Amino acid sequence: MTIFKRIKQIISDDLAAENGVWLIWSPFWFALGIAIYFGLPTEPNVWLVLGVTELWLLLLFLARFHQLRSVLLCGFLVLCGFLNIYAHTLYQTKRVAFLPPTMTYLNGYVQDISYNNKGRQRLLLREVNDYDNPLKGRFRITVTNPHEHFVVGECVEMVATVFPPSRIPVKNGFQLNRKYFYEQISAIGYANSEVFTIKCPVQKFNFKAKVNAIRQKVSEKIAQTLPPSAAGVADALLIGEKTLISPQITDNYRGSGLAHFLSVSGLHMGAIATLIFFLVRLILALFPSIALRFDTKKPAAIAAILGSATYLLLSGMAIPAERAFLMTTVVLIGVLFNRQAISMRMVSMAALVILLLQPQALISISFQMSFTAVYALVAFYEAYAGKLAHPAHRKGFFRTCIWYLAGILLGDLVASLATTPLAIYHFHQVAIYTSLGNLLAGPIIGLWLMPNILLCLATLPFAIVSYPLQLLGFGIDLLNRITATVAALPNSLYPVSSLSFGGFIVIIIGGYWLCVWRQKWRLWGIVPIMFGVVSMFCGQQPDVVIAPQARAIAARDEVGKMVLLTKKTDLWLKKIWHDNFNLQNKNTDIIYCNNEGKCNYNNFLEFDSVGQVWLHGKKVDVCSGGYYYGGKKPHFEPLWDCDEKRLWTVKENLTDKR
């Protein structure tokens, strides 16, 4: 009994020393409630949810003076996260209804425009009608005629083929149908006819559409000023639109570890706010009557907040940009009130605000990558800033340059180590030369690109914007060359075996534990991280991969490489399987097909042209596709349950609402 009392005393002392850390754990428990909702196999019963909520509130009231109140409060935060995403999902069902595959007449208002990999416009339509019958949700329609060009704010009509979004055909893969559900997109498709501009009915003022119209004008100005190789990257940096970047340039940025630079995030928002802050202070310092009487940091902070807000709107308000804006704003508000704001509490509050407003953001890759990197950087800063600051403050130009480059490498190392598990889980590959890429590109980004981005933003309303755009384009060309050089190095993108979902979760929990606590027991977070890393080497890779309805089949050959067996496979599926399994080109020499179209591979896999598959002579259900694992215990696992009853998959939402 003495041992247990001693352990209890140690835990109590450590908890007492962790003053204020409980607030930092609040987004973790809130996010856990959201994760539980998404992990359910079916939709929860409304009355059951209400009953559990009332019961938990009663327990909180009864235990308000009991030692268990902290545990119940944590559970209450979990319940709040669950209720938030559940209510948000129910709200979405009133505004979106997936349509079945069909060809129909559509007309609607162009709210936003993006581009596919062929440079053709993709119109995001709202207030969509099938003749005079209104349809729920928004529609994303690709314009097939490359000569047709439209602008945000127009109304158009066409005959289009539309279909509901589908899931990515890999185990635990990203669910496009769920993503579009929360974006209120009922269908995607392409125009079968010419797209005509029509007169719009009286429209209510739509702030987002007005901002998108400005973003499109900026994109057109960039296209007129810069060559395509630089224009696509400039679009990403100024308006957050990455669809015009060529696949080759995108691959170069990934291979060099600089893909994060193409998404407006803390690097961009922080640099813009810092430049505005010091520029305003410099201008005010030119007027002694102001500089000597007032604290110029206050108006500089206000100007930086307004400038950051403008950049946020222009960049499309992606989740990393929103997170960066929230954190930047908190820092600048701290300047207004003479407070130091860079802390783990600030990061946690930013995460909690985003999860409150957009709970579905938890399962987005951008949210996970962004906050993981920031949590790790802030934790490292809080732990080691004092030790690193003393030598860094030594005077001398050469020493300053050395410490600047060392800071780039150190920050990149911390962020890269933190986000590597996510890169493995989501992308199944790791950029080997990320430190080299960031070391070479860091000075160009900080000293050339970011000041010119600010200059472009300041001159956008004027004709002279073409001059800072050209300066920006020069820096982008140089950056493109660096990424191409680094990405061309051997094994720049190294494929890694897929990390299991369980391993991914324990690594996230261990990492959060390691970052949040301040006492020595934070090191216990290394234990689940090690378990997650070890799980990478214990998992079994599939020997056969089957797409839904057997649209495509791939299997491992005698040397262990995954090769495509079916003749007709769309490019989208090929790319997904290449990224996940390092899929090789089709090898028809390893399969035998008879005159009836039935093919055989290694005497255990058979398939025909109508989507039927047999494994070891037994027919398998390929409604959702699946993985076949050989070895001592051969078995087949479907990718998902075709009868899954979730609000973004139920059949009732797939009915025609005309």
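The values are calculated or read from the model by the stated rules, or taken from the named source; none is laboratory data. Since we're looking at a predicted model, the values are computed, not measured. With ideal geometry, Cβ positions are generated from the backbone for all residues, glycine too; neighbour counts draw on all protein chains shown. Quick note on the areas: whole protein, heavy atoms, side chains included, nothing else; ligands and nucleic acids left out. Shrake-Rupley method; radii C 1.70, N 1.55, O 1.52, S 1.80 Å.
Considering (1) more than 23 Å from the chain's Cα centre (by Cα); (2) open to solvent by 40 Å² or more (accessible area, probe 1.4 Å); (3) modelled with pLDDT of 90 or more, the lone condition that LEU59 does not fulfil carries the number (3). Listed by first and then second residue, the pairs with beta-carbon distance under 6 Å, at least 6 apart or on different chains, first residue in the stretch 117-135 and β-branched (Val, Ile, Thr), second buried (at least 17 other Cβ atoms within 10 Å of the Cβ), are VAL128/LEU106; VAL128/GLY108; VAL128/LEU135; VAL128/PHE139.
Taking every residue in the stretch 203-229 that is more than 18 Å from SER246 (Cβ to Cβ) and pairing it with any residue that is β-branched (Val, Ile, Thr) and part of a helix (DSSP H, G or I), at least 6 positions away or on another chain, the pairs with Cβ-Cβ distances below 7 Å are ARG215/ILE239; VAL218/ILE239; LYS221/VAL465.
Number of residues in the stretch 526-583 that are open to solvent by 90 Å² or more (accessible area, probe 1.4 Å), outside any helix (DSSP H, G or I) and within 29 Å of TRP513 (Cα to Cα) equals 3. Just to check your reading of the model, which residue among ILE249, ILE276, ILE245 is part of a loop (DSSP other than H, G, I, E, B), open to solvent by less than 30 Å² (accessible area, probe 1.4 Å) and of a type in the set (Val, Ile, Thr)? Answer to the selection: ILE245.
Residue-by-condition table, conditions (1) of a type outside the set (Lys, Arg); (2) at pLDDT 90 or above; (3) open to solvent by 90 Å² or more (accessible area, probe 1.4 Å):
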site	(1), (2), (3)
PRO41	yes, no, yes
VAL46	yes, yes, no
GLY51	yes, yes, no
LEU55	yes, yes, yes
GLY75	yes, yes, no
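In summary, strands (runs of 3 or more DSSP E) completely within the stretch 587-650 and bearing 1 or more residues that are open to solvent by less than 70 Å² (accessible area, probe 1.4 Å) and out of contact with any Phe, Trp or Tyr (no Cβ under 9 Å at 6 or more places or on another chain) occur at 591-593. Taken over the stretch 496-505, the criterion of being at pLDDT 80 or above and open to solvent by 50 Å² or more (accessible area, probe 1.4 Å) is satisfied by SER500, PHE501, ILE505.
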